[in-house]
Each structure stands twice: as C-alpha cells, then as structure tokens.
Amino acid sequence: MTSRTPDIETGRLILKEITEKDTEVIIRLRSNPDVYKYFLSVHELTATEHIKWFKTQYLHDESRFDYIARVKGNNIAIGVFGIKKMGQKIVETNYILNHLYRGKGYAHEAIFALLEFAKQEWECKTAIAKIHKDNNASIHFAESSGFNPVFQEGNFITYNKQL
C-alpha cells in the first residue's frame with residue numbers, strides 16, 4: 001500500500017502514515033491500561049479489531065491521517081499521532097506517546113508538525129483536542145502546547161488552539 005500522505009520530517013522525527021504493518025506497534029501503545037483508560041472505548045485493543053478498523057474504516061476516511069513517529073537515526077517507533085478534518089477550517093489532533101519518551105519534547109515536535117501540515121495543506125485555522133478530564137499528563141501537554149479548554153461534555157474536555 002502506498003501512503004495517502006507524504007512523510008513529515010521534523011528535527012528529530014520522521015512521521016509516516018500508518019500501514020497494516022504497524023499493527024504490532026499500535027497494539028503495544030494502545031493496549032496499555034494506563035493509556036486506554038482515558039479513551040472513549042475503554043478496553044485492550046486486539047490485532048483483529050485494529051486490522052478490521054484499518055481496512056474497513058481508516059483506509060476509506062480521507063479526513064483522517066495517523067502517523068507512526070520514529071526517531072531519526074535509530075528508527076525506534078515512539079508514538080502514534082493523528083489529525084482529522086472536522087470542518088472546513090478545523091482539525092482534531094490525537095496522540096499516544098510511549099511513556100519512555102515523555103518529557104523530551106517529541107510529542108510537541110510531532111503535533112506542531114502535523115498542525116502545520118493541516119494549516120498549510122488544508123487551510124485549517126483551529127485545532128482541537130478532546131481529552132479525558134482525569135488525564136493530567138495529556139491536559140498538561142495540551143495546555144503547554146497552547147491549547148485552551150473550551151467546554152466539557154461528560155468525561156471529556158475539548159481544548160482548542162488557533163493556528
């Protein structure tokens with residue numbers, strides 16, 4: 001399968017659109033109980049579920065692009081970062097970063113690169129992130145990245161940032 005979007009390169013990272021071959025990495029990141037407890041779908045993800053979603057939904061959704069972030073030089077996959085068009089000028093972002101790489105600026109680097117892509121390629125003006133109200137690490141990350149809380153619905157707070 002060829003990528004639907006170009007690779008995105010930052011100072012330390014290469015972001016490549018996910019493929020079916022990334023299933024193991026995605027499962028490892030997404031199936032951590034300390035991660036999935038903050039998701040809408042609170043359960044351990046299986047390879048079967050992921051591959052079904054990938055083939056029947058992701059590949060047919062031209063508004064969503066998810067990337068595996070790898071550190072340049074050693075090719076270690078450190079996280080999954082995504083963007084989804086939510087309207088003509090709005091993009092939603094999502095992210096999962098391996099806990100071993102937190103606090104090193106990798107997530108900021110990846111998200112800023114994706115938001116710049118959305119701004120340039122899709123002419124987006126606003127980015128949003130929906131974060132579980134108890135996910136303090138993600139809330140801290142969003143706020144330190146310039147996102148501001150806008151409203152809460154159930155357990156999730158929507159943050160936005162002007163691009």
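The values are calculated or read from the model by the stated rules, or taken from the named source; none is laboratory data. All of these numbers come straight from a predicted model, not from anything done at the bench. Positions of Cβ are backbone-derived with ideal geometry, glycine not excepted, and every protein chain shown enters the neighbour counts. Side chains included, ligands, DNA and RNA excluded: accessible areas come from the protein's heavy atoms. Shrake-Rupley method; radii C 1.70, N 1.55, O 1.52, S 1.80 Å.
Observations on the model:
- Per residue value of the accessible surface for the stretch 1-150 (all protein chains in place, 1.4 Å probe), Å²: 55
- Converting phi to 3J(HN,Hα) with the Karplus coefficients 6.51, -1.76 and 1.60 and the offset θ = phi - 60°, the stretch 116-127 yields 5, 4, 4, 5, 6, 7, 10, 6, 6, 10, 9, 10 Hz in sequence order, with x at every glycine or proline.
- For the stretch 1-101: rounded, prolate or oblate by the Cα gyration tensor [a/c cutoff 1.5]: rounded
- Exposure rank, largest accessible area first [122, 53; 1.4 Å]: 53, 122
- Here the stretch 1-106 has 54 percent of its accessible surface on carbon and sulfur atoms, given a 1.4 Å probe and all protein chains in place.
- Cβ-based charge dipole, the stretch 1-155, positive-most Cα from 56, 90, 113: 113
- The stretch 38-152: C-alpha pair distances exceeding 18 Å, %: 56
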